[in-house]
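Just below is one structure, and these are the notes that go with it.
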Amino acid sequence: MRQRWDGIRDPLAALAAGQSALFEDFVSTEAGTLLGFFRRLGAGPGEAEDLVQETILKLFKGAKNYQSSGRFESYAFRAAR
């Protein structure tokens with residue numbers, strides 16, 4: 001992921017606190033990274049786009065139960081897997 005998404009710039013912690021701008025920034029800047037991840041795993045273009053959407057939705061829905069520990073990037077890729 002191009003930016004550092006941890007500590008004070010944790011998109012899910014911000015979302016859980018009612019501040020959606022950082023999560024929106026994460027989605028707009030990292031959707032391509034997730035798309036590439038799924039393509040490298042063998043997903044076709046349409047399937048990869050669907051998987052990106054499902055991953056973002058999974059992160060969004062889980063924000064209220066999210067406990068920040070460790071790197072957000074790792075958490076996001078675990079959710080993607």
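The values are calculated or read from the model by the stated rules, or taken from the named source; none is laboratory data. These figures come from a predicted structure and were not determined experimentally. Quick reminder, even Gly has a Cβ in these numbers, built from the backbone with ideal geometry, and neighbours come from all protein chains shown. Ligands, DNA and RNA are stripped out before the accessible areas are found, and what is left, the full protein with its side chains, is counted by its heavy atoms. Shrake-Rupley method; radii C 1.70, N 1.55, O 1.52, S 1.80 Å.
Worth a mention:
- Highest-MSF residue in the chain out of A17, A63, A31 [GNM, Cα springs under 10 Å]: A17
- Between A31 and S68, the FRET efficiency from the beta-carbon distance, with R0 = 22 Å, is close to 0.50.
- Surface composition of the chain: carbon and sulfur atoms hold 51% of the protein heavy-atom accessible area at a 1.4 Å probe.
- Placing +1 on the Cβ of every Lys and Arg and -1 on the Cβ of every Asp and Glu, with nothing else charged, gives the chain a dipole about its Cα centre of roughly 280 debye.
- Between helix 21-40 and the chain: long-axis angle, C-alpha atoms, 0 to 90°, nearest 10: 30
- The long axis of helix 45-62 is offset from the longest Cα principal axis of the chain by roughly 20 degrees.
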